[in-house]
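K.L.:
First the structure, which I've put down as C-alpha coordinates, then a few questions once you've had a look.
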Amino acid sequence: MAVPVERTPHEAVTPNRGGVWSVPAFRAVFGSQVTSALGGAISSVSVSWLVYHVTGSSLDIAYVGLAGVIPGIVLGLLAGVLADRYNRRRLMVACDLSRMAAMAGLAVFLAVVGFSLFLILAVMVVVFSFTAVFTPASQAILPRLVPTAALEGANGLLNASTQLAYLVGSAGGGLLVAFAGAVLGLGANAITFGLSAVLILQIGAQFGQPIAASTGTRPSFASQLSEGLRYMRDHRPILEVTVGFMPANFLFMMVAGFLVVYATSRFGADPAAYGYLLAALSAGGVVGALAVGRLHPRRVAGSLMGASVLLQGGVVGVLAFATKLPVSLVAATVGGLCLGLINTVYFATMQAIVPNEILARVLSIDSVGSFAAIPGGLLTGGLLAARYGITDVYWIAAVGLALNGLVMLSLPDVRRLGQNAGAPPTAPDSLPTRR
(Lines give C-alpha, C1' and ligand atoms only; values in the text may rest on other atoms or scores of the structure.)
Protein backbone atom coordinates (compact mmCIF):
# COMPACT_ATOMS: atom_id res chain seq x y z
CA MET A 1 0.00 0.00 0.00
CA ALA A 2 1.20 3.50 -0.79
CA VAL A 3 2.26 6.11 1.71
CA PRO A 4 2.23 9.90 1.47
CA VAL A 5 4.47 11.43 -1.14
CA GLU A 6 6.74 14.34 -0.29
CA ARG A 7 5.75 17.63 -1.90
CA THR A 8 8.06 20.43 -2.93
CA PRO A 9 7.19 23.97 -1.78
CA HIS A 10 5.47 24.97 -5.04
CA GLU A 11 3.09 22.03 -4.84
CA ALA A 12 1.26 22.91 -1.65
CA VAL A 13 0.74 26.19 0.14
CA THR A 14 1.05 25.93 3.91
CA PRO A 15 -2.08 27.43 5.52
CA ASN A 16 -1.64 30.11 8.17
CA ARG A 17 -3.76 30.45 11.29
CA GLY A 18 -6.89 30.61 9.16
CA GLY A 19 -6.37 26.98 8.08
CA VAL A 20 -7.01 25.89 4.50
CA TRP A 21 -9.46 28.75 4.15
CA SER A 22 -6.48 31.12 4.17
CA VAL A 23 -5.16 29.62 0.90
CA PRO A 24 -6.55 31.71 -2.02
CA ALA A 25 -6.44 28.83 -4.52
CA PHE A 26 -8.39 26.62 -2.11
CA ARG A 27 -11.03 29.33 -1.77
CA ALA A 28 -11.36 29.37 -5.55
CA VAL A 29 -11.91 25.59 -5.67
CA PHE A 30 -14.33 25.90 -2.77
CA GLY A 31 -16.38 28.57 -4.52
CA SER A 32 -16.39 26.64 -7.77
CA GLN A 33 -17.69 23.46 -6.19
CA VAL A 34 -20.32 25.20 -4.08
CA THR A 35 -21.80 27.19 -6.96
CA SER A 36 -21.79 24.15 -9.26
CA ALA A 37 -23.43 21.99 -6.58
CA LEU A 38 -26.12 24.59 -5.96
CA GLY A 39 -27.01 24.77 -9.63
CA GLY A 40 -26.69 21.02 -10.09
CA ALA A 41 -29.15 20.31 -7.28
CA ILE A 42 -31.71 22.71 -8.72
CA SER A 43 -31.21 21.16 -12.16
CA SER A 44 -31.52 17.61 -10.81
CA VAL A 45 -34.85 18.34 -9.14
CA SER A 46 -36.05 20.20 -12.24
CA VAL A 47 -35.14 17.47 -14.73
CA SER A 48 -36.41 14.57 -12.63
CA TRP A 49 -39.68 16.29 -11.84
CA LEU A 50 -40.22 17.47 -15.41
CA VAL A 51 -39.62 14.02 -16.92
CA TYR A 52 -41.74 12.14 -14.37
CA HIS A 53 -44.51 14.77 -14.46
CA VAL A 54 -44.78 14.61 -18.25
CA THR A 55 -44.25 10.88 -18.86
CA GLY A 56 -45.24 9.30 -15.52
CA SER A 57 -42.71 6.54 -16.20
CA SER A 58 -40.19 5.23 -13.67
CA LEU A 59 -38.22 3.79 -16.59
CA ASP A 60 -37.79 7.29 -18.03
CA ILE A 61 -36.35 8.35 -14.67
CA ALA A 62 -33.94 5.44 -15.01
CA TYR A 63 -32.93 6.71 -18.45
CA VAL A 64 -32.20 10.14 -16.98
CA GLY A 65 -30.01 8.48 -14.37
CA LEU A 66 -28.23 6.43 -17.02
CA ALA A 67 -27.51 9.57 -19.02
CA GLY A 68 -25.67 10.89 -15.97
CA VAL A 69 -23.72 7.71 -15.27
CA ILE A 70 -22.73 6.19 -18.61
CA PRO A 71 -20.41 9.07 -19.65
CA GLY A 72 -18.36 8.55 -16.50
CA ILE A 73 -17.98 4.86 -17.25
CA VAL A 74 -17.19 5.27 -20.94
CA LEU A 75 -14.88 8.26 -20.54
CA GLY A 76 -13.52 7.53 -17.06
CA LEU A 77 -10.16 6.07 -18.12
CA LEU A 78 -9.69 8.75 -20.77
CA ALA A 79 -10.56 11.51 -18.29
CA GLY A 80 -7.96 10.38 -15.77
CA VAL A 81 -5.18 10.34 -18.35
CA LEU A 82 -6.21 13.77 -19.64
CA ALA A 83 -6.13 15.21 -16.12
CA ASP A 84 -2.66 13.77 -15.49
CA ARG A 85 -1.41 14.71 -18.95
CA TYR A 86 -2.63 18.29 -19.49
CA ASN A 87 -3.11 21.42 -17.40
CA ARG A 88 -5.88 20.60 -14.94
CA ARG A 89 -6.91 24.23 -14.48
CA ARG A 90 -7.49 24.71 -18.20
CA LEU A 91 -9.41 21.46 -18.46
CA MET A 92 -11.72 22.50 -15.61
CA VAL A 93 -12.46 25.89 -17.17
CA ALA A 94 -13.14 24.35 -20.59
CA CYS A 95 -15.50 21.80 -19.03
CA ASP A 96 -17.41 24.48 -17.11
CA LEU A 97 -17.92 26.65 -20.17
CA SER A 98 -19.07 23.67 -22.23
CA ARG A 99 -21.56 22.60 -19.56
CA MET A 100 -22.86 26.16 -19.31
CA ALA A 101 -23.56 26.30 -23.05
CA ALA A 102 -25.31 22.90 -23.04
CA MET A 103 -27.62 23.69 -20.11
CA ALA A 104 -28.47 27.15 -21.43
CA GLY A 105 -29.34 25.69 -24.83
CA LEU A 106 -31.61 23.07 -23.25
CA ALA A 107 -33.43 25.68 -21.17
CA VAL A 108 -34.07 27.84 -24.23
CA PHE A 109 -35.31 24.90 -26.30
CA LEU A 110 -37.75 23.70 -23.61
CA ALA A 111 -39.07 27.22 -23.10
CA VAL A 112 -39.55 27.95 -26.80
CA VAL A 113 -40.29 24.58 -28.43
CA GLY A 114 -41.49 22.32 -25.62
CA PHE A 115 -40.73 19.00 -23.96
CA SER A 116 -38.38 16.52 -25.65
CA LEU A 117 -37.18 13.51 -23.69
CA PHE A 118 -34.60 12.71 -26.38
CA LEU A 119 -33.05 16.19 -26.17
CA ILE A 120 -33.02 16.13 -22.37
CA LEU A 121 -31.19 12.80 -22.37
CA ALA A 122 -28.75 13.97 -25.05
CA VAL A 123 -27.88 17.16 -23.16
CA MET A 124 -27.45 15.19 -19.93
CA VAL A 125 -24.97 12.94 -21.73
CA VAL A 126 -23.03 15.96 -22.96
CA VAL A 127 -23.02 17.68 -19.56
CA PHE A 128 -21.92 14.58 -17.67
CA SER A 129 -19.27 13.80 -20.26
CA PHE A 130 -17.57 17.07 -19.41
CA THR A 131 -18.21 16.37 -15.72
CA ALA A 132 -16.31 13.09 -16.14
CA VAL A 133 -13.25 15.11 -17.16
CA PHE A 134 -13.75 17.91 -14.64
CA THR A 135 -14.06 15.65 -11.59
CA PRO A 136 -10.67 13.86 -11.58
CA ALA A 137 -8.93 17.12 -12.48
CA SER A 138 -10.52 18.91 -9.51
CA GLN A 139 -9.72 16.03 -7.14
CA ALA A 140 -6.11 15.77 -8.30
CA ILE A 141 -5.43 19.50 -8.07
CA LEU A 142 -6.33 19.72 -4.37
CA PRO A 143 -3.11 18.07 -3.04
CA ARG A 144 -1.18 20.68 -5.00
CA LEU A 145 -2.95 23.43 -3.05
CA VAL A 146 -2.78 22.19 0.57
CA PRO A 147 -0.33 19.93 2.46
CA THR A 148 -1.07 16.27 3.19
CA ALA A 149 -1.86 16.93 6.85
CA ALA A 150 -4.65 19.31 5.84
CA LEU A 151 -6.34 17.03 3.29
CA GLU A 152 -8.96 15.61 5.63
CA GLY A 153 -9.97 19.08 6.76
CA ALA A 154 -9.92 20.43 3.21
CA ASN A 155 -12.01 17.54 1.86
CA GLY A 156 -14.35 17.75 4.82
CA LEU A 157 -14.93 21.45 4.22
CA LEU A 158 -15.39 20.96 0.48
CA ASN A 159 -17.75 18.01 0.80
CA ALA A 160 -19.74 19.56 3.64
CA SER A 161 -20.16 22.82 1.77
CA THR A 162 -21.08 20.97 -1.40
CA GLN A 163 -23.69 18.93 0.45
CA LEU A 164 -25.01 22.10 2.07
CA ALA A 165 -25.33 23.64 -1.38
CA TYR A 166 -27.20 20.52 -2.52
CA LEU A 167 -29.45 20.87 0.52
CA VAL A 168 -30.32 24.46 -0.31
CA GLY A 169 -30.53 23.73 -4.02
CA SER A 170 -32.74 20.66 -3.58
CA ALA A 171 -35.20 22.36 -1.27
CA GLY A 172 -35.11 25.54 -3.32
CA GLY A 173 -35.38 23.54 -6.53
CA GLY A 174 -38.57 21.86 -5.34
CA LEU A 175 -40.11 25.20 -4.50
CA LEU A 176 -38.84 26.73 -7.74
CA VAL A 177 -40.46 23.96 -9.79
CA ALA A 178 -43.69 24.33 -7.85
CA PHE A 179 -43.97 28.10 -8.32
CA ALA A 180 -41.95 28.98 -11.44
CA GLY A 181 -41.51 25.80 -13.48
CA ALA A 182 -38.64 23.44 -14.23
CA VAL A 183 -37.08 25.36 -17.13
CA LEU A 184 -35.93 28.19 -14.87
CA GLY A 185 -33.96 25.66 -12.83
CA LEU A 186 -31.97 24.62 -15.89
CA GLY A 187 -31.11 28.24 -16.61
CA ALA A 188 -29.88 28.66 -13.03
CA ASN A 189 -27.57 25.67 -13.50
CA ALA A 190 -26.07 27.24 -16.64
CA ILE A 191 -25.28 30.43 -14.70
CA THR A 192 -23.52 28.50 -11.92
CA PHE A 193 -21.26 26.73 -14.43
CA GLY A 194 -20.18 30.12 -15.72
CA LEU A 195 -19.44 31.36 -12.21
CA SER A 196 -17.44 28.21 -11.54
CA ALA A 197 -15.24 28.86 -14.58
CA VAL A 198 -14.51 32.40 -13.40
CA LEU A 199 -13.49 31.12 -9.97
CA ILE A 200 -11.22 28.38 -11.34
CA LEU A 201 -9.36 31.02 -13.34
CA GLN A 202 -8.27 32.54 -10.02
CA ILE A 203 -6.06 29.48 -9.32
CA GLY A 204 -2.40 30.03 -10.19
CA ALA A 205 -1.47 28.43 -13.50
CA GLN A 206 1.45 26.53 -11.91
CA PHE A 207 -0.94 24.54 -9.71
CA GLY A 208 -2.82 23.21 -12.71
CA GLN A 209 0.24 21.74 -14.39
CA PRO A 210 0.66 17.99 -13.69
CA ILE A 211 3.99 17.18 -12.08
CA ALA A 212 4.92 14.55 -14.67
CA ALA A 213 4.54 17.01 -17.54
CA SER A 214 7.36 19.22 -16.18
CA THR A 215 9.91 16.47 -15.55
CA GLY A 216 10.91 15.63 -19.12
CA THR A 217 9.48 13.95 -22.21
CA ARG A 218 5.80 13.21 -21.88
CA PRO A 219 5.05 9.46 -22.07
CA SER A 220 2.50 8.12 -24.52
CA PHE A 221 -1.21 8.11 -23.76
CA ALA A 222 -1.31 4.30 -23.73
CA SER A 223 1.68 4.00 -21.38
CA GLN A 224 0.12 6.45 -18.93
CA LEU A 225 -3.12 4.49 -18.93
CA SER A 226 -1.22 1.23 -18.41
CA GLU A 227 0.69 2.79 -15.53
CA GLY A 228 -2.56 3.67 -13.78
CA LEU A 229 -3.98 0.19 -14.28
CA ARG A 230 -0.79 -1.42 -12.92
CA TYR A 231 -0.92 0.79 -9.85
CA MET A 232 -4.47 -0.33 -9.09
CA ARG A 233 -3.52 -3.99 -9.65
CA ASP A 234 -0.54 -3.78 -7.33
CA HIS A 235 -2.30 -2.04 -4.44
CA ARG A 236 -4.76 -4.56 -3.08
CA PRO A 237 -6.54 -2.38 -0.48
CA ILE A 238 -7.43 0.19 -3.15
CA LEU A 239 -8.45 -2.50 -5.63
CA GLU A 240 -10.66 -4.34 -3.13
CA VAL A 241 -12.42 -1.13 -2.07
CA THR A 242 -13.13 -0.38 -5.74
CA VAL A 243 -14.56 -3.85 -6.35
CA GLY A 244 -16.27 -3.92 -2.96
CA PHE A 245 -18.31 -0.82 -3.69
CA MET A 246 -19.73 -2.16 -6.95
CA PRO A 247 -22.68 -4.00 -5.29
CA ALA A 248 -23.28 -1.03 -2.99
CA ASN A 249 -23.50 1.35 -5.94
CA PHE A 250 -25.80 -1.05 -7.78
CA LEU A 251 -28.13 -1.28 -4.80
CA PHE A 252 -28.01 2.34 -3.68
CA MET A 253 -28.98 3.52 -7.18
CA MET A 254 -32.12 1.41 -6.81
CA VAL A 255 -32.88 3.75 -3.91
CA ALA A 256 -31.55 7.20 -4.76
CA GLY A 257 -32.31 6.92 -8.47
CA PHE A 258 -36.02 6.54 -7.75
CA LEU A 259 -36.45 8.92 -4.85
CA VAL A 260 -38.90 10.96 -6.93
CA VAL A 261 -41.00 7.79 -7.40
CA TYR A 262 -40.79 7.05 -3.68
CA ALA A 263 -41.82 10.60 -2.74
CA THR A 264 -44.74 10.60 -5.17
CA SER A 265 -46.06 7.20 -4.09
CA ARG A 266 -45.84 7.99 -0.37
CA PHE A 267 -46.60 11.72 -0.15
CA GLY A 268 -48.51 12.59 -3.32
CA ALA A 269 -47.75 14.86 -6.25
CA ASP A 270 -45.87 17.44 -4.18
CA PRO A 271 -42.49 18.50 -5.64
CA ALA A 272 -41.57 20.11 -2.32
CA ALA A 273 -41.63 16.72 -0.54
CA TYR A 274 -39.20 15.33 -3.10
CA GLY A 275 -36.98 18.36 -2.67
CA TYR A 276 -37.05 17.98 1.12
CA LEU A 277 -35.93 14.35 0.87
CA LEU A 278 -33.00 15.35 -1.33
CA ALA A 279 -32.23 18.13 1.12
CA ALA A 280 -32.23 15.64 4.01
CA LEU A 281 -29.67 13.50 2.17
CA SER A 282 -27.52 16.58 1.71
CA ALA A 283 -27.89 17.63 5.35
CA GLY A 284 -26.61 14.25 6.49
CA GLY A 285 -23.75 14.55 4.01
CA VAL A 286 -22.73 17.85 5.61
CA VAL A 287 -22.51 16.24 9.04
CA GLY A 288 -20.60 13.22 7.74
CA ALA A 289 -18.08 15.31 5.82
CA LEU A 290 -17.42 17.67 8.73
CA ALA A 291 -17.01 14.69 11.06
CA VAL A 292 -14.12 13.43 8.94
CA GLY A 293 -12.42 16.80 9.13
CA ARG A 294 -12.82 16.84 12.92
CA LEU A 295 -12.04 13.21 13.76
CA HIS A 296 -9.31 12.52 11.15
CA PRO A 297 -10.27 8.84 10.72
CA ARG A 298 -8.00 8.21 7.72
CA ARG A 299 -6.15 5.37 9.49
CA VAL A 300 -9.41 3.36 9.68
CA ALA A 301 -10.72 4.44 6.27
CA GLY A 302 -11.55 0.94 5.00
CA SER A 303 -13.40 -0.14 8.14
CA LEU A 304 -15.31 3.13 8.29
CA MET A 305 -16.50 2.80 4.70
CA GLY A 306 -17.59 -0.82 5.19
CA ALA A 307 -19.51 0.06 8.36
CA SER A 308 -21.18 2.96 6.55
CA VAL A 309 -22.45 0.64 3.80
CA LEU A 310 -23.84 -1.68 6.47
CA LEU A 311 -25.64 1.22 8.14
CA GLN A 312 -27.06 2.30 4.79
CA GLY A 313 -28.82 -1.05 4.60
CA GLY A 314 -30.66 -0.25 7.82
CA VAL A 315 -31.49 3.25 6.61
CA VAL A 316 -33.08 1.97 3.39
CA GLY A 317 -35.08 -0.54 5.43
CA VAL A 318 -36.52 2.35 7.45
CA LEU A 319 -37.43 4.16 4.23
CA ALA A 320 -39.22 1.07 2.95
CA PHE A 321 -41.18 0.82 6.20
CA ALA A 322 -41.93 4.52 6.76
CA THR A 323 -45.25 6.10 5.86
CA LYS A 324 -44.71 9.53 7.43
CA LEU A 325 -42.55 12.23 5.88
CA PRO A 326 -40.68 13.10 9.14
CA VAL A 327 -39.54 9.47 9.52
CA SER A 328 -38.39 9.34 5.92
CA LEU A 329 -36.52 12.62 6.37
CA VAL A 330 -34.65 11.27 9.40
CA ALA A 331 -33.71 8.10 7.52
CA ALA A 332 -32.57 10.11 4.50
CA THR A 333 -30.45 12.28 6.77
CA VAL A 334 -28.67 9.25 8.24
CA GLY A 335 -28.17 7.86 4.74
CA GLY A 336 -26.60 11.14 3.70
CA LEU A 337 -24.32 11.03 6.74
CA CYS A 338 -23.03 7.65 5.58
CA LEU A 339 -22.38 9.02 2.10
CA GLY A 340 -20.57 12.03 3.54
CA LEU A 341 -18.32 9.80 5.61
CA ILE A 342 -17.55 7.46 2.69
CA ASN A 343 -16.80 10.14 0.12
CA THR A 344 -14.73 12.40 2.35
CA VAL A 345 -12.54 9.76 3.96
CA TYR A 346 -12.03 8.02 0.61
CA PHE A 347 -10.78 11.06 -1.27
CA ALA A 348 -8.66 12.31 1.63
CA THR A 349 -7.03 8.88 1.87
CA MET A 350 -6.38 8.56 -1.87
CA GLN A 351 -4.94 12.07 -2.07
CA ALA A 352 -2.62 11.26 0.83
CA ILE A 353 -1.29 7.88 -0.30
CA VAL A 354 -1.26 8.06 -4.12
CA PRO A 355 1.52 10.01 -5.92
CA ASN A 356 0.04 13.19 -7.40
CA GLU A 357 1.36 12.53 -10.90
CA ILE A 358 -0.84 9.42 -11.13
CA LEU A 359 -3.67 10.47 -8.81
CA ALA A 360 -6.23 11.46 -11.46
CA ARG A 361 -5.80 8.12 -13.24
CA VAL A 362 -6.22 6.13 -10.03
CA LEU A 363 -9.34 8.07 -9.07
CA SER A 364 -10.80 7.69 -12.56
CA ILE A 365 -10.12 3.96 -12.68
CA ASP A 366 -11.76 3.61 -9.29
CA SER A 367 -14.75 5.62 -10.51
CA VAL A 368 -15.14 3.41 -13.57
CA GLY A 369 -14.95 0.30 -11.43
CA SER A 370 -17.18 1.59 -8.66
CA PHE A 371 -19.81 3.08 -10.94
CA ALA A 372 -19.89 0.33 -13.55
CA ALA A 373 -22.74 -1.29 -11.62
CA ILE A 374 -24.89 1.85 -11.51
CA PRO A 375 -26.57 1.40 -14.93
CA GLY A 376 -27.63 -2.08 -13.91
CA GLY A 377 -29.02 -0.71 -10.67
CA LEU A 378 -31.03 1.95 -12.48
CA LEU A 379 -32.46 -0.47 -15.03
CA THR A 380 -33.18 -3.14 -12.43
CA GLY A 381 -34.76 -0.62 -10.09
CA GLY A 382 -36.91 0.81 -12.87
CA LEU A 383 -38.15 -2.59 -14.00
CA LEU A 384 -38.84 -3.80 -10.46
CA ALA A 385 -40.58 -0.56 -9.50
CA ALA A 386 -42.81 -0.77 -12.55
CA ARG A 387 -43.63 -4.43 -11.87
CA TYR A 388 -43.80 -4.69 -8.07
CA GLY A 389 -43.74 -1.16 -6.67
CA ILE A 390 -41.10 1.02 -5.04
CA THR A 391 -41.49 -0.50 -1.56
CA ASP A 392 -40.30 -3.94 -2.67
CA VAL A 393 -37.39 -2.34 -4.50
CA TYR A 394 -36.30 -0.59 -1.29
CA TRP A 395 -36.55 -3.79 0.78
CA ILE A 396 -34.34 -5.65 -1.70
CA ALA A 397 -31.80 -2.84 -1.60
CA ALA A 398 -31.86 -2.75 2.20
CA VAL A 399 -30.95 -6.44 2.57
CA GLY A 400 -28.34 -6.26 -0.16
CA LEU A 401 -26.57 -3.21 1.29
CA ALA A 402 -26.40 -4.78 4.74
CA LEU A 403 -24.81 -7.93 3.31
CA ASN A 404 -22.40 -5.89 1.18
CA GLY A 405 -21.23 -3.96 4.25
CA LEU A 406 -20.61 -7.18 6.18
CA VAL A 407 -18.57 -8.64 3.32
CA MET A 408 -16.42 -5.50 3.04
CA LEU A 409 -15.73 -5.54 6.77
CA SER A 410 -14.63 -9.17 6.51
CA LEU A 411 -11.86 -8.40 3.97
CA PRO A 412 -8.46 -7.76 5.65
CA ASP A 413 -7.18 -5.62 2.78
CA VAL A 414 -10.21 -3.35 2.97
CA ARG A 415 -9.63 -2.92 6.69
CA ARG A 416 -5.97 -2.11 5.97
CA LEU A 417 -6.81 0.86 3.74
CA GLY A 418 -5.41 3.98 5.36
CA GLN A 419 -3.59 2.29 8.24
CA ASN A 420 -0.21 3.72 7.24
CA ALA A 421 -1.51 7.00 5.78
CA GLY A 422 0.44 8.89 8.38
CA ALA A 423 3.77 7.19 7.70
CA PRO A 424 6.83 9.29 6.81
CA PRO A 425 6.96 10.40 3.15
CA THR A 426 8.81 8.25 0.64
CA ALA A 427 9.73 8.74 -2.97
CA PRO A 428 7.19 7.50 -5.56
CA ASP A 429 9.56 4.86 -6.96
CA SER A 430 9.93 3.21 -3.57
CA LEU A 431 6.23 2.75 -2.82
CA PRO A 432 5.63 -0.67 -1.30
CA THR A 433 3.05 -2.89 -2.99
CA ARG A 434 1.15 -6.00 -2.08
CA ARG A 435 0.44 -8.49 -4.83
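Okay, residues lined up against (1) surrounded by 24 or more Cβ atoms within 10 Å (Cβ to Cβ); (2) under 21 Å from the mean Cα position of the chain (by Cα); (3) in a helix (DSSP H, G or I):
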residue	(1), (2), (3)
SER129	no, yes, yes
ILE141	yes, yes, yes
LEU151	yes, yes, yes
TYR166	yes, yes, yes
ALA171	no, yes, yes
LEU184	no, no, yes
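K.L.:
Additional query: May I ask you to verify whether PRO237 is buried (at least 20 other Cβ atoms within 10 Å of the Cβ) and either part of a helix (DSSP H, G or I) or aliphatic (A, V, I, L, M) (or both)? Give the steps one after another, and end with the answer.
P.N.:
Numbers: buried (at least 20 other Cβ atoms within 10 Å of the Cβ): yes; either part of a helix (DSSP H, G or I) or aliphatic (A, V, I, L, M) (or both): yes.
Yes.
K.L.:
Report whether or not LEU157 is crowded, with 20+ Cβ neighbours inside 10 Å and either within 15 Å of GLY293 (Cα to Cα) or without any contact (Cβ under 8 Å) to a residue 40 or more places away in the chain (or both).
P.N.:
Considered against the rule, which asks whether it is crowded, with 20+ Cβ neighbours inside 10 Å and either within 15 Å of GLY293 (Cα to Cα) or without any contact (Cβ under 8 Å) to a residue 40 or more places away in the chain (or both), LEU157 comes out as yes.
K.L.:
Here's something else I'd like to know. Does segment 86-100 contain at least one residue that is among the β-branched types (Val, Ile, Thr) and either under 20 Å from the mean Cα position of the chain (by Cα) or closer than 28 Å to GLY288 by Cα (or both)?
P.N.:
yes
K.L.:
Within segment 353-362, which residues are touching a helix residue (DSSP H, G or I) at 6+ places or on another chain (Cβ under 7 Å) and either surrounded by fewer than 24 Cβ atoms within 10 Å (Cβ to Cβ) or β-branched (Val, Ile, Thr) (or both)?
P.N.:
Matches in segment 353-362: VAL354, PRO355, ASN356, GLU357, ILE358, VAL362.
K.L.:
So which of ALA427, ALA398, ALA373 ends up being within 22 Å of LEU339 (Cβ to Cβ), modelled with pLDDT under 85 and among the small types (Gly, Ala, Ser)?
P.N.:
The unique qualifying residue is ALA373.
K.L.:
Right, here's the next one. Where the second residue is small (Gly, Ala, Ser) and part of a helix (DSSP H, G or I) and the first is at pLDDT 85 or above and surrounded by fewer than 20 Cβ atoms within 10 Å (Cβ to Cβ) and lies in segment 73-102, which pairs have Cβ atoms under 7 Å and are six or more apart or on separate chains?
P.N.:
ASN87/GLY208; ARG90/GLY208; LEU97/ALA197
K.L.:
Could you name every one of the helices (runs of 4 or more DSSP H) located completely within segment 280-380 that has at least 2 residues being in contact with an Asp or Glu (Cβ under 6 Å, 6 or more places away or on another chain) and touching a residue at least 12 places away in the same chain (Cβ under 8 Å)?
P.N.:
356-371
K.L.:
Please tell me if ALA107 is in contact (Cβ under 8 Å) with a residue 60 or more places away in the chain and under 28 Å from MET246 (Cα atoms).
P.N.:
Judged against the criteria, ALA107 is not a match.
The values are calculated or read from the model by the stated rules, or taken from the named source; none is laboratory data. Just so it is clear, the structure is predicted and the values come from calculations on it, not from any experiment. Glycine gets a Cβ as well: all are built from the backbone with ideal geometry, and neighbour counts include every protein chain shown.
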